[in-house]
Every structure is written in C-alpha cells, then in structure tokens.
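The values are calculated or read from the model by the stated rules, or taken from the named source; none is laboratory data. The structure displayed is predicted, hence computed values, not measured ones. Quick reminder, even Gly has a Cβ in these numbers, built from the backbone with ideal geometry, and neighbours come from all protein chains shown.
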Amino acid sequence: MQRLTDSFAATGHSTKLLRSPSGEVGNNRFAKGYALGAHLLNARNHARGGGPNIVAWPLLGWWEAPLWQHAANCTYIVMHDPKPLAIQDGLSARAAKRSSRACRARWPHLVTMSPEAYTVTSEYFPEHRIHLVPHPMRTPRCDRQNPTGSVALVLGQYKPARDLRVMSSIAGALRADGWEPMVAGRGWPSIPGWRVVNRYLEKAEFDRLLASAAAVLLPYQHYFQSGVALRALEAGVPVVGRETGFLACVLGPNFSGAVADWHEPDSWAAAMSDAVASTSSQIKAATRYGKRGIFEWDSLVRSSVTRPR
C-alpha cells in the first residue's frame, strides 16, 4: 500500500487511506466479521462520492465490482490473483461470471498488474473496463556491494504453487556451481539439498536475508505477480525464474536470469550465474519499470476525470 501512495505522491496526488482491517485471519469468525463490516461501511460511504477510489485489497474478490458500482463515481478495483490455486472466497469462476452480470453501471473498472492477470480478468469483464499497469515499486538500489556469500535464496511463505520437485532436483547443480540453496519463510517443509528456515520473517530478518543473497529464485509453477521479486530488485538483488509475462514486463524479454528449461537443473544453474553477472542490467530495467509505473498510475487516475460517465 505504501508503495502505491508513494507513487501518487510523486505525481502530486494526495491520498487518504481508509481503515480496512485484514480479512486474512484464519478461522477467527469474529475478526472476519469485523473486517467485512468495516469494508462494507467503506463501500457505503465512498462508492457514490469522493472518487476516484482505489480498492487495493479486494476483500470480497470479484464481488467488489457490484458492491462499488455507480454510474458516475470512479472506482478502480485491483485484481491481484483473479484465479488462485487454493480456494478463496469470492474468487471462483462462478463468482466472476455472476458479478460481471450484476455489475451494470459504468463503474467500477478493474486494474491488473500482469499480462496473466489481465488475460484472466478479460474472460469475464469487457476490455474497456480493464486496465494493465505496472506493480508499484520503490526505486531500486544501484549502490549495492557484492554479497560476501553465495546464497541462492527462495524467500517468502510456502504456497502450493511452489515447485518442490524442481527445487529438490536443482539443489545439486546449484551447489556444484558454488551456490548455497536456502529457503526462508513460514510453512516450508524439508527439501533435500536446501537449508530451510521455517518461520515467519519479521521485516528486519527479511531485509537481512535479502542483503545476504546473491540472487532470489522464483521456483513458482504459477503466479500473477511477485512482490518478493520486486522487493529483491528494490534491494539491488537480481532474480531468477521463468520468463513469465510479469517478469518480462519488469526486466524485458529474454532477460539474463530467465530459466530456459524448467526441469533441467543445469538451466537453473546457468540462469543463476547469468543473473548475478548481469545484476546491473536487471536493476536498470527494474528502475525503468518503476518509473513507468508512476507515470501509468498517474495517467489512470487522471483519465477518470475525462472518461465518459
């Protein structure tokens, strides 16, 4: 959220953050009810006036669209994960179809931050109501000193999309090239050949681990955008992963660090070496991406003033 408000501040926009408790509270029904009540109150108070609004964390998934619909007041709903691997409230295909049919007013519009998310969203909503803009990020560090270690780092909470089989298979090739495979975050199982830190990471530890990494690996079978990748690049750390639409937007097509053959351990080792050797080119590309994001979010909000209502 702070990165988005910083982006708007860079182009002269003032922002107001609405109180919106997190809905990610496990099975705590009271906390879920409290978060839902606060969210519905925000929609009631702002859907019909005071726009443009940006729903940065859509608690109700696709159902945000009919909740915020209005003929004239502008609202943008950010769709981070329009087709999650795990079941999530309000993000099923059925919910998408029904919310699209129920949303008959001109507003809201939907915002995506990767070509993959845009493609899924366009299956349910007309393209004139969908926007593709860069994910907000801070200006990457250009003065990072080379790390003293050789850690090939996977960072963040375990999720089903993490490819444990590939991680197991590539550990030997990484070690043979002098890299130290390490994974840190809550929920990770033991993985052969990897040093595993299985716990919640406070910000200070997250930043310290990033600073120690030679590169950050993204062994994800599926994702729409990666906050970990952007955090790494902000810290001046290169990334290694599949050439997804998202990474191609951030780093350019055929970027150094792209894994040519997902199931081939030597491809991962080669991509790791290429990423580290080409750190400066990755950081320059990410810097351009961040600047483009500031411009495009500004253009998006300003266009709502002149957009037909």
| task | Inspect all residues belonging to segment 64-87 and state whether any of them is part of a helix (DSSP H, G or I) and within 21 Å of F224 (Cβ to Cβ). | result | yes
| said: Return the residues of segment 117-128 that are under 28 Å from R288 (Cβ atoms), crowded, with 19+ Cβ neighbours inside 10 Å and not hydrophobic (A, V, I, L, M, F, W, C); say none if nothing qualifies. | reply: Y118, T121
| field | Residue under evaluation V237, criteria (1) part of a helix (DSSP H, G or I); (2) modelled with pLDDT of 95 or more, criterion not met | value | (1)
| message | Given the condition more than 18 Å from the chain's Cα centre (by Cα) and in a loop (DSSP other than H, G, I, E, B), answer yes or no: does some residue in segment 29-46 qualify? | response | no
| Do we find a residue being among the acidic types (D, E), within 19 Å of E180 (Cα to Cα) and not in a loop (DSSP other than H, G, I, E, B) anywhere in segment 202-215? | yes
| Residues of segment 129-172 that turn out to be in contact with an Asp or Glu (Cβ under 8 Å, 6 or more places away or on another chain) and among the hydrophobic types (A, V, I, L, M, F, W, C), as a count | 4
| query | Which members of segment 132-161 meet the condition of being out of contact with any Gly (no Cβ under 9 Å at 6 or more places or on another chain) and closer than 15 Å to F224 by Cβ? | reply | L132, P160, A161
| Which of (1) buried (at least 19 other Cβ atoms within 10 Å of the Cβ); (2) of a type outside the set (D, E); (3) in contact (Cβ under 8 Å) with a residue 60 or more places away in the chain; (4) not in a helix (DSSP H, G or I) does F255 not meet, given it meets every other one? | (3)
| remark: Over segment 275-284, the set of residues surrounded by fewer than 19 Cβ atoms within 10 Å (Cβ to Cβ) and assigned to a helix (DSSP H, G or I) is A277, S280, S281, K284
| said: Looking only at segment 61-78, how many residues end up being buried (at least 19 other Cβ atoms within 10 Å of the Cβ), without any contact (Cβ under 8 Å) to a residue 40 or more places away in the chain and touching a Gly at 6+ places or on another chain (Cβ under 9 Å)? | reply: 4
| task | Inspect segment 175-183 for any residue being part of a helix (DSSP H, G or I) and modelled with pLDDT of 95 or more and give the result as yes or no. | result | yes
| field | Filtered residue count, segment 92-108, keeping only those that are of a type outside the set (K, R) and surrounded by fewer than 21 Cβ atoms within 10 Å (Cβ to Cβ) | value | 6
| remark: Apart from one, (1) at pLDDT below 95; (2) in contact with a strand residue (DSSP E or B) (Cβ under 8 Å, 6 or more places away or on another chain); (3) under 26 Å from R3 (Cβ atoms) all hold for G149; the odd one out is (3)
| Within segment 153-168, is even one residue crowded, with 21+ Cβ neighbours inside 10 Å, β-branched (V, I, T), under 18 Å from the mean Cα position of the chain (by Cα) and part of a strand (DSSP E or B)? | yes
